[in-house]
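Shown next, in structure tokens, is the structure this report addresses.
FYI, it's all coordinate maths here, none of it is from the lab. Predicted model only: the values in this text are computed from it and were never measured. Note: ideal-geometry Cβ built from the backbone for every residue, glycine included; neighbour counts use all protein chains shown.
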Amino acid sequence: MIKMNKQTMVFLILTLVTVTAHSEDSLYQQLGGKPAIEKITKHLLDRLLNNEKINFLFKETERDDLHIKIVDQICMETGGPCKYEGLDMVEAHSGMNIKYSEFDIFVEDFILAMEDAEIPFRLQNKVLAIFAPMREDVSYE
Ligand code: HEM
């Protein structure tokens, strides 16, 4: 039987509690909650609207409206306390004739926006794993 003093015991219990609590954090919490998602979305829209390869698609877009919808969607999909109330992805993008190549440019901007918002690489990958499968709903070739 290993002998421990009271201090060591308390330290071990606190470590265990912290590790357990942390492993249960939602991706939303790990990202930094709503402020971090607001930042990512701001940078994403800055990039998309300035990206000459795809910004023609956003000519008619009301930026503030899209910002709110994207924040709610990222928040909800990562386990946060929001409800996305926009169109589903097929409906939202049907008729835009978005090509796979354009989807990939969008994803590049998404990654750069997460970089801008200082999201760690490990978490960027978790976010991408949620959104990448939407490629088929949004684009075609
Ligand atoms: C995983 C990828 C994507 C996500 C999560 C996403 C998300 C969204 C959301 C939430 C909306 C708002 C829907 C509504 O009005 O109710 C939207 C609209 C739109 N998206 Fe996407 N999108 C994605 C990919 C793309 C790509 C690849 C493009 C173009 C290259 C694009 C262009 C647009 C445009 C032009 C609108 C319409 C904005 C407007 O109302 O004028 N999206 N998207």
Original post:
Using the alpha-carbon atoms, what tilt in degrees (0 to 90, nearest 10) does helix 121-131 show relative to the longest principal axis of the chain?
Top reply: 50
Original post:
Around S26, what is the net charge, scoring Lys/Arg as +1 and Asp/Glu as -1 over all other residues with Cβ under 11 Å from its Cβ?
Top reply: -2
Subject >> Relative exposure of C75, C82, judged by other C-beta atoms within 10 Å (fewest first) >> reply: C82, C75
Original post:
Are there chymotrypsin sites (Phe, Trp or Tyr not before Pro) in the stretch 73-108 that DSSP marks as loop and that have at most 11 other Cβ atoms within 10 Å, and which are they?
Top reply: none
Subject >> Folded to 0 to 90 degrees: helix 63-77 orientation relative to the chain principal axis, Cα >> reply: 40
Original post:
Over the C-alpha atoms of the chain, what are the Rg and the largest Cα-to-Cα span, Dmax, in Å?
Top reply: 19.7, 71
**OP:** Using label points projected 7 Å from each Cα along Cα→Cβ, tell me how many nm separate I68 and L128, to one decimal.
**Re:** 3.1
Subject >> Within-15-Å neighbourhood charge of C75 [Cβ basis; K, R +1; D, E -1] >> reply: +1
Original post:
Which net charge results when you count Lys and Arg as +1 and Asp and Glu as -1 among the other residues whose beta-carbon is under 12 Å from that of Y84?
Top reply: -2
